[in-house]
Structures are given as structure tokens and as C-alpha cells.
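J.: First the structure, which I've put down as C-alpha cells, then a few questions once you've had a look.
The values are calculated or read from the model by the stated rules, or taken from the named source; none is laboratory data. What you see is a predicted model; the values in this text were computed from it and never measured. Here Cβ is always computed from backbone atoms with ideal geometry, including for glycine, and neighbour counts include all displayed protein chains.
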Amino acid sequence: MKQYTLRKNERLCSKRIIEQLFAKGERFVVYPFSVYWCVCDNESIPDTQVQVLIGTSKRKFKKAVDRNRVKRLIRECYRLNKYKLYDVLSVKDKKIALSINYIHDKIKDYGSLEEKYLKMLNTLIAEIEQKIN
């Protein structure tokens, strides 16, 4: 049974892991997303396979309501499609830290955002498989 939830332990909060992610992590862009990710050891992420950080620029969205709307849409895309990423990671027995940043300056509707998110997710899965093998 698939869990379509986003629990507290799946959110990336550790400053140490965030610093490691941006310093040593891999990066790619699938417009409108900029993605940082890195493979973590099993001790640093104990409860789940992926910890995710979702962000957007204050420079592009001056109003907090707009930033929150974008992050809410991205969280929804992640929540509904995370099982694809979990399936790959459970086979490889790896854990990752992930940062998804929205870099477009306009808010897209959910349908087009999810389409781009799925494209980004497929790219991420391909990069993970390439890095781990």
C-alpha cells in the first residue's frame, strides 16, 4: 500500500545535512526546478529514505503568500509521486537528501507544474541509478 503522506521526519531540517547537500551534492536543472541531491549515510537519516527541502526565491516572489503557494504545490507533487523515488531507493538500500527549488518567476497551475515535476523526478532517478552503480 502506498503512503501518500509527507511526515515530519521526511522534511530536511538538519543544518549539517543541508550544508553537506549544498557543498558536496549533485545539481541539475529541469526548468522550473533546480535540484540538489546527495547520497547520505544511514545514520544521518534514520527513519526514512528521503529527506526533502522545498524552497523558492524571495527575490522572485515578494509576497509570502505567493512563496507559500508555490511550495504548497511542489509539496503536493512530491507527496503524490514520491513512491517512484522510494521504490528505486529501497532496491538500492540508499538514502538521499533532496532540495527542490522553484526558479521560475510566475506561479504555474498545478497540471503543468506536476508535468514538469515528473520530468524532473525521472531525471533524478536516472542520476541516482548512474551514481550508485
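J.: Provide a single number: the residues in the stretch 116-128 that are buried (at least 16 other Cβ atoms within 10 Å of the Cβ), more than 24 Å from residue 24 (Cβ to Cβ) and not basic (Lys, Arg).
T.: So in the stretch 116-128, the residues buried (at least 16 other Cβ atoms within 10 Å of the Cβ) come out as 116-117, 120-121, 124, 128.
Pick out the ones that are also more than 24 Å from residue 24 (Cβ to Cβ) and you get 116-117.
Checking which are not basic (Lys, Arg) leaves us with 117.
Residues in the stretch 116-128 being buried (at least 16 other Cβ atoms within 10 Å of the Cβ), more than 24 Å from residue 24 (Cβ to Cβ) and not basic (Lys, Arg): 1 in total.
J.: Sort through 54, 103, 74 and tell me the only one that's modelled with pLDDT of 95 or more, within 17 Å of residue 117 (Cβ to Cβ) and either touching a Pro at 6+ places or on another chain (Cβ under 7 Å) or among the hydroxyl-bearing types (Ser, Thr, Tyr) (or both). Full working, then the answer.
T.: Values: 54 fails: either touching a Pro at 6+ places or on another chain (Cβ under 7 Å) or among the hydroxyl-bearing types (Ser, Thr, Tyr) (or both); 74 fails: either touching a Pro at 6+ places or on another chain (Cβ under 7 Å) or among the hydroxyl-bearing types (Ser, Thr, Tyr) (or both).
Among 54, 103, 74, only 103 is modelled with pLDDT of 95 or more, within 17 Å of residue 117 (Cβ to Cβ) and either touching a Pro at 6+ places or on another chain (Cβ under 7 Å) or among the hydroxyl-bearing types (Ser, Thr, Tyr) (or both).
J.: Here is a follow-up. In contact (Cβ under 8 Å) with a residue 60 or more places away in the chain and farther than 17 Å from residue 124 by Cα: is that true of residue 56 in this structure?
T.: Working: in contact (Cβ under 8 Å) with a residue 60 or more places away in the chain: no; farther than 17 Å from residue 124 by Cα: yes.
So residue 56 does not fit the description; no.
J.: Of the conditions (1) modelled with pLDDT of 95 or more; (2) among the aliphatic types (A, V, I, L, M); (3) within 14 Å of the chain's Cα centre (by Cα), residue 126 clears all except one; give me its number.
T.: Of (1) modelled with pLDDT of 95 or more; (2) among the aliphatic types (A, V, I, L, M); (3) within 14 Å of the chain's Cα centre (by Cα), only one is false for residue 126: (3).
J.: Looking for whichever is outside any helix (DSSP H, G or I), at pLDDT 95 or above, of a type in the set (S, T, N, Q) and on the phi < 0 side of the Ramachandran plot here; the options are 44, 34. Which one fits? Even if it seems obvious, please write down each step before you answer.
T.: Numbers: 44 fails: at pLDDT 95 or above.
Step by step, each of 44, 34 is checked, and only 34 is outside any helix (DSSP H, G or I), at pLDDT 95 or above, of a type in the set (S, T, N, Q) and on the phi < 0 side of the Ramachandran plot.
J.: Looking at 80, 113, 89, can you tell me which residue is within 23 Å of residue 24 (Cβ to Cβ), of a type in the set (A, V, I, L, M) and in a helix (DSSP H, G or I)? I'd like the intermediate steps shown before the answer.
T.: Working: 80 fails: within 23 Å of residue 24 (Cβ to Cβ); 113 fails: within 23 Å of residue 24 (Cβ to Cβ).
From the options 80, 113, 89, the qualifying one is 89.
J.: Here is a further query. Among (1) crowded, with 17+ Cβ neighbours inside 10 Å; (2) in a helix (DSSP H, G or I), there is one condition residue 100 misses while meeting the rest; what is its number?
T.: Going through (1) crowded, with 17+ Cβ neighbours inside 10 Å; (2) in a helix (DSSP H, G or I) one by one, residue 100 breaks only (2).
J.: Residue by residue through the stretch 82-106, note down the ones that are of a type outside the set (A, V, I, L, M, F, W, C), under 26 Å from residue 42 (Cα atoms) and over 11 Å from the mean Cα position of the chain (by Cα).
T.: Scanning the stretch 82-106 gives 83, 84, 86, 87, 90, 92, 93, 94, 95.
J.: Could you figure out which of (1) at pLDDT 95 or above; (2) of a type outside the set (Ser, Thr, Tyr); (3) surrounded by fewer than 19 Cβ atoms within 10 Å (Cβ to Cβ); (4) assigned to a loop (DSSP other than H, G, I, E, B) isn't true of residue 61?
T.: Going through (1) at pLDDT 95 or above; (2) of a type outside the set (Ser, Thr, Tyr); (3) surrounded by fewer than 19 Cβ atoms within 10 Å (Cβ to Cβ); (4) assigned to a loop (DSSP other than H, G, I, E, B) one by one, residue 61 breaks only (3).
J.: If I go through the stretch 60-86 residue by residue, how many of them are within 18 Å of residue 97 (Cα to Cα) and either touching a His at 6+ places or on another chain (Cβ under 9 Å) or among the β-branched types (Val, Ile, Thr) (or both)?
T.: 1
J.: Another one. Between 38, 13, which is touching a Gly at 6+ places or on another chain (Cβ under 8 Å) and among the hydrophobic types (A, V, I, L, M, F, W, C)?
T.: Numbers: 13 fails: touching a Gly at 6+ places or on another chain (Cβ under 8 Å).
None of the other options fit; the residue is 38.
J.: Quick check on my filter: what residues within the stretch 111-130 are in contact (Cβ under 8 Å) with a residue 12 or more places away in the chain and of a type in the set (Ser, Thr, Tyr)?
T.: Narrowing the stretch 111-130 to residues in contact (Cβ under 8 Å) with a residue 12 or more places away in the chain: 113-114, 116-121, 123-125, 127-129.
Once the filter is applied, which keeps residues that are in contact (Cβ under 8 Å) with a residue 12 or more places away in the chain and of a type in the set (Ser, Thr, Tyr), the stretch 111-130 yields 117, 123.
Yes/no matrix, rows are residues, columns are (1) touching a strand residue (DSSP E or B) at 6+ places or on another chain (Cβ under 6 Å); (2) without any contact (Cβ under 8 Å) to a residue 60 or more places away in the chain:
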{"position": "21", "(1), (2)": "yes, no"}
{"position": "37", "(1), (2)": "yes, no"}
{"position": "71", "(1), (2)": "yes, yes"}
{"position": "109", "(1), (2)": "no, yes"}
